[in-house]
Amino acid sequence: MKRNVVNMLSLCLLLLPMAGCSFLGQPDYQLSITVEPGVTGTPAAGVYTHEELEEVAYSYTPVNSKHTVEVLIDGGQEKAVDSLIIYKNTTMLARLFDVRGTWKVTYNASDNATNLDFTVTFVGSDLLAGTFSDSRGYHGTWTAASGTFTFTFSDFESYKYTGELLDMEGTWSNGAKTGTWSAEKQ
């Protein structure tokens, strides 16, 4: 009898660590979601528990259709409508994209004659439009509506940059001259 009790206790001591390691099933992970003002969609803000490898669909849109929603999953920008596979504790933030601030712009001419970098600081009273100045001393206006971003110089020939707001890249033109641009937040 004593021997059976000792064997049972030994078995329990061996199984206890395995139970703590989710050996008997899939682990659960937390998905923490924050939805900022101006954004609507699902899942709603909150903390959810999901099993490992569970797929979670999400969809967020701006309240004002001229605004653009960005979704950050663990800090990395993703599409506003997509899904993710849970394999660890994850944070999701759905917010309106705000271009205001300083960006490093990389400018490339189509003929490869000119490639350069400069910084641009975008300011404005709202998310949809404002003014800018660059590190070379030039100025202009910008608009960011419905996913399209445009900034046009007012004192540097007739340079106009247009592109995808979330990607912050596109094309530029100055009369017959054309090229591409991209920008990275500083």
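Values in this text are rule-based calculations from the coordinates and carry no lab data. Note that the coordinates shown come from a computational prediction; the quantities given were computed from them, not determined experimentally. Please note: Cβ atoms are built from the backbone with ideal geometry, for glycine as well, and neighbour counts cover all protein chains shown.
Annotations for the structure displayed:
- Going from the fewest other Cβ atoms within 10 Å to the most, the residues I86, I73 appear in the order I73, I86.
- Applying a DSSP loop filter and a limit of 15 other Cβ atoms within 10 Å to the chymotrypsin sites (Phe, Trp or Tyr not before Pro) in segment 58-104 leaves Y87.
- Couplings for segment 149-162, taken from phi via the Karplus curve 6.51 cos²θ - 1.76 cosθ + 1.60 with θ = phi - 60°, read 10, 9, 9, 10, 6, 9, 10, 9, 6, 10, 5, 10, 10, 9 Hz in order; Gly and Pro are left as x.
- Computed magnitude of the charge dipole of segment 25-96 (debye, nearest 20; Cβ of K, R +1, Cβ of D, E -1): 380 debye
- Matching the structure-derived Cα extents along the principal axes in Å against the labelled list (1) 47, 25, 25; (2) 79, 31, 24; (3) 96, 37, 23 gives the label (3).
- Mean-position separation - Cα centroids, segment 102-175 and segment 37-97, in angstrom: 28 Å
- Residue order, fewest to most surrounding Cβ atoms within 10 angstrom, among R136, R95: R136, R95
- Taking a straight Cα-Cα cut-off under 20 Å and skipping sequence neighbours fewer than 8 places away in the same chain, the lysines within cross-link reach of K177 are K160.
- The chain: angle of helix 2-20 to the longest principal axis, Cα-based, in degrees nearest 10: 10 degrees
- Over the chain, relative contact order from alpha-carbon pairs under 8 Å, at least 6 apart, %: 15 percent
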